[in-house]
Each structure stands twice: as C-alpha cells, then as structure tokens.
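One structure is given below, encoded as structure tokens.
The values are calculated or read from the model by the stated rules, or taken from the named source; none is laboratory data. It should be emphasised that the depicted structure is a prediction, and the values quoted were computed from it without experimental measurement. Cβ sites come from the backbone with ideal geometry, for glycine too, and all protein chains shown count toward neighbours. The area values use the complete protein model at the heavy-atom level, side chains included, leaving out ligands, DNA and RNA. Shrake-Rupley method; radii C 1.70, N 1.55, O 1.52, S 1.80 Å.
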Amino acid sequence: MMIFRRQWIPPWALLFAQLAHGASWILLVTTALTFGVRGISPGAIAWIHVVALGWVTMAALAILLHVIPGFTDRPWRGESAARASLGLFALGVASFVAGWLTQNVLLVAGAIAIALALAVYLSAAFVTLAQGRRAEPTERAIARALTMTLAIFGVVVALGLSALASLEGIAPATWSVRLPPAHAMLGIFGWFTILIVGVAARTMFPICGVRSRFARLHAIVGSVLVVGAPLLAGGLAGDLAIARTIGAALVACGCLLYIVDAVDILRRATRPHRPPQALVAASLVWLACALVLGAGVLAGAPWQNAFGYALLIGWVGQMVNGHIMHLGVRAISTMVRGQDDVTRPGLLLDLRRSWITFGGMQCAVLLGIAGLVSARPPLVEAAGVVGGVTWLVMMTNLAHAYRAAFEGTSASPSMQ
C-alpha cells in the first residue's frame, strides 16, 4: 500500500470537496424557501459558496497540483506550501459558510483565511508556471493559459473580498450591489469554464478514447472567454449595458463552440466505460440550458437563481462528477496500488450505482431549475433530497472502488 506517500492528487482534498458536495444538498433543502423568492438570502449565499468554493474550487485546486506539472512539464516550486495552503483554504471555507449561516465573526475570519491560503497557492503556481522558457510550444501555450486562468481567479477572489468589505461597511455601499453579480459571472465563466475548457483538452482523451478533431478550437474558445467573461463582469460592475451585452454574446459564442467540439468527441467515444461520458454530455446540455436562461435574464425575466443553479450544479457540477468518476477513481487506485497502477476506473466501480448517480443527478438538476424558474420551493426541496440521496450512492460507489483496489479485485469486464 502507498497511502502514506505523497499522492499526485491529495486524496483528503478530494474527500473534502465531496463532503462539501454532500453538504450542499442539505443546505439546498434548508434554504429552499429563500431560493424561491426574487432576492437572495444569507443562507442561499452560503449554499453558493459551499458549491463554488468547498466543492468545485477545492477539487480544481487539488487536481491542478497534478495538472500544472503534468501538462506543462514544469516541476512545482513551493509544492509543499501549495499543498499545505489547501488545509487553510478548507478551514477558511468552513468558517466562511458558517459565518453566512450564523451572521457572526466567522464570516470575516473565513474570508481572511481563504485569501491567505489562495495567496500562497497562487504565488507558488505563478512561480512554477513562469519556469521553462525553453519548453515546447504546446507546453508554453498551456502554461500561459493556466497563468491567465489563475490570474482571473485571483480577480474573482478580490471582487468577492471587496463585496464583503462593502457589506461590512468598510468599502462604498454601492459595491455590495454591483460587485456580487460581477464576482459570480467572472467566477463561473472566467474561472470555472475557462479551466474546464483547458483541462478537458487533455482529460477528454482518457475519458472518451478519442481527441478533438479541431485542434485550434480550444484556443479560440479560451480566447473568446478570456475577453468575454471580464467584459461581462465589467459591464455588470459598472452598469454598462453595451459592455454587458457584448460580453454576454462573446461568452455565449465561446460556450457554444465548446459544446460543438465536446459533442463531436463524445459522439466518437470508444472507451467502454460510459457513465463518465454521460455525465460530461449532461453537463453540456445544462450549459446550453443555462445560456437560454441567461438570455432570459438579460431580457428581464426573473430567472437569476435558476440561471446560477443551472451553471453551478448542471454545467460545472456534472462536469466535475464526470471527472471524479474517472480521475477520482484513478486517484483512488494509485493511492492504494501505487503511482504506476493503470487499472481502468470502470473495472473498480459498480456499473449500476454509476448509472444511478447519472440519473439521480440529472433529476436533481431538473427539479432545481424547475423550482427556481416557477418559484416553487417544494421542487427545490425535492432537488435537494434527490441530490443528497444520489450523492450517497456515488459515495458508496467510490468506497466500492477503494475496496476493489485494496483487495485487488475488479468488476467483470462484461459489466463495463
């Protein structure tokens, strides 16, 4: 067993992310009433950050510990500090969410801890990515893209801290109205979406077994989003209709181009393990749905909450789930069997539970969107219940994969 050796992706960080994922469904049930109204409550804000920070960002930062050296051929500088910062980040997220729920000093303490942790992590990442000027052109391009993505993430954090300072009376009061939407849109389209597009350029091959036929499309999509997401956020922050509209149009174009490329990859997939591919496909459907909801919001429809839910749980969440069913299981097998293990994830998972995870998660997304569009809290509560039960099924499946790896057993190939 290799459990106590440094792993390519820290298992505890992925576990924390999954626990935050599970907690998000409980919070969704308890905050459903406040989600059903036009505004947004402290409980709803806590839910958003459990998903965005505790689940998705923690998983992303953990996976980047492997992605940065693996994709750019640049060894980490300050890797120990970057890994340790994830512990402080986890404590900060827990405190920050608890502060929103209880409205006490934990809110500011958590924000400070998150800011300090990310300052350490991003500093180490930027120093690492600045190495290797003699690297291959592809590796240099990936390093530049990751640098830009992480820089945008830094701006997202700064906007969030500024909005919080406004709420606490430290900064101008108008910031508390204008900055949160900018913070949210830059976070989803400038941080999560650009990161997914960039990382998926490599991860779609192990998941699907085929590569993109449009080699330059990822660069085009990334470039469009790098321009569109800040423009959209700037238009929201500055109340500039032209910037907001152009930014939204560019973001939509970038997302649609990515959907076309990803669908083409999925259509030609050869890997026999289909559940991760199905989850990725579902994420694309929810991204398209979110774009429709976003267009409605720009036209004046009161669909902001449904729009955010479709993006976070549908688009980003299902893409993360798809990767967990592949990369997460790979991390489990290498943790138990050693770094050189090449066991296929589909041989360790229980296929029935994998498909239950797929179906249950899509029901949770659909119920949540329907409830938020129609302002019917019972549907949102049902989404939380279905999502929570499905999350438990997924956790038992991952535990099954761990036991199978530990015992040296695997599912029958005919079940894959």
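Note on segment 231-290: Rg/Rh from Cα positions, Kirkwood definition for Rh, rounded to two decimals, is 1.19.
Secondary-structure-derived ellipticity at 222 nm for the chain, considering helices only, amounts to -24500 deg cm²/dmol, per-run term -39500 (n - 2.57) for DSSP H runs with n ≥ 4. With protein chains left intact and a 1.4 Å probe, residues in segment 330-377 average 42 Å² of accessible area per residue.
Placing unit charges on each Cβ (+1 for Lys and Arg, -1 for Asp and Glu) gives segment 1-123 a dipole about its Cα centre, and among Ala109, Ala94, Ile63 the Cα reaching farthest toward its positive end belongs to Ile63. Looking at the square roots a ≥ b ≥ c of the eigenvalues of the Cα gyration tensor of the chain, which shape do they give, rounded for a/c under 1.5, prolate if a/b is larger than b/c, or oblate? Rounded shape, in that the Cα axes give a/c under 1.5. Using C-alpha pairs under 8 Å with a sequence gap of at least 6, the mean separation divided by the residue count of segment 59-148 gives a relative contact order of 34 percent. Of all the accessible heavy-atom surface of the chain, with the other protein chains kept in place and a 1.4 Å probe, what percent is carbon and sulfur? Looking at the chain in its full context, I get 70 percent from C and S. Structural descriptor for segment 14-84: relative contact order 35 percent, calculated from alpha carbon pairs under 8 angstrom and at least 6 residues apart. Ile242 contributes an accessible area of around 130 Å² to the protein surface, as traced by a 1.4 Å probe with all chains present. Segment 17-87 and segment 139-191 have Cα centres spaced 15 Å apart.
Can you tell which of Pro378, Ala119, Val199 lies farthest toward the positive end of the dipole of the chain, using +1 and -1 charges on the Cβ of basic and acidic side chains (Lys, Arg; Asp, Glu)? The residue sitting farthest along the positive end of the dipole is Val199.
At the residue level, Ile142 shows approximately 40 square angstrom of accessible surface with a 1.4 angstrom probe and all protein chains present.
Using C-alpha pairs under 8 Å with a sequence gap of at least 6, the mean separation divided by the residue count of the chain gives a relative contact order of 17 percent. Of interest is the spacing of the C-alpha centroids, which for segment 213-237 and segment 256-317 amounts to 16 Å.
Computed over segment 301-405, the quotient of the alpha carbon radius of gyration and 2.2 N^0.38 Å is 1.25.
Probing with 1.4 Å while keeping every protein chain in the model, the per residue accessible area of segment 67-195 equals 45 Å².
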